[in-house]
Amino acid sequence: MAGGEKDYVDGGGKRYLYTNKTLRYMTANLAWFAKLLAANPIGTNLLEEDKKAEAESDKEDGE
């Protein structure tokens, strides 16, 4: 089930209204959020956060 009332194939594939609306909503939201992040970058250093997570976590077997 791709959403809506029918699955993707039964709905006509790329001609299915539900699929096309959902795809357009998703791409519009993605573009909007990309612009938002470009204007307001998140200053989190993920490598630093990885080190903190490793320090507070148990070691896995083989490490």
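The values are calculated or read from the model by the stated rules, or taken from the named source; none is laboratory data. Just so we're clear, the structure is a prediction, and the values are computed from it rather than from any experiment. We place every Cβ from the backbone using ideal geometry, glycine too, and count neighbours over all the protein chains shown. To get the accessible areas, we keep the full protein, side chains included, count just its heavy atoms, and leave off ligands, DNA and RNA. Shrake-Rupley method; radii C 1.70, N 1.55, O 1.52, S 1.80 Å.
Between 0 and 90 degrees, the angle of helix 46-55 with respect to the longest Cα principal axis of the chain falls at about 60 degrees. For the chain, the longest principal axis of the Cα atoms and the long axis of helix 17-39 meet at an angle of about 40 degrees. Charge tally for Leu46 (other residues, Cβ to Cβ under 13 Å; Lys, Arg +1; Asp, Glu -1): -2.
Can you match log10 I(q)/I(0) by the Debye sum over Cα atoms at q = 0.12, 0.19, 0.28 Å⁻¹ to one of these, (1) -0.64, -0.76, -1.10; (2) -0.27, -0.65, -1.28; (3) -0.21, -0.56, -1.42, based on a calculation from the structure here? The listed entry that was calculated here is (1).
Of all the accessible heavy-atom surface of the chain, with the other protein chains kept in place and a 1.4 Å probe, what percent is carbon and sulfur?
Values: 3360 of 6060 Å².
Percent of accessible area from carbon and sulfur atoms in the chain: 55.
Note on Lys6: lysines with a C-alpha under 26 Å away, same-chain residues under 8 apart excluded, are Lys14, Lys21. Under a model in which nothing but the beta-carbon of Lys, Arg (+1) and Asp, Glu (-1) is charged, the range 17-59 shows a dipole of about 480 debye around its Cα centre.
Can you give me the accessible area per residue for the chain, using a 1.4 Å probe, in Å²?
Working: 6060 Å² over 63 residues.
Normalised by residue count, the accessible surface of the chain is 96 Å².
If amide H atoms are built 1.01 Å from N in the plane of the peptide, which residues on other chains or at least 5 residues away come under 5 Å of the amide H of Tyr8? Here the answer is Ala2, since their amide H atoms fall under 5 Å of that of Tyr8.
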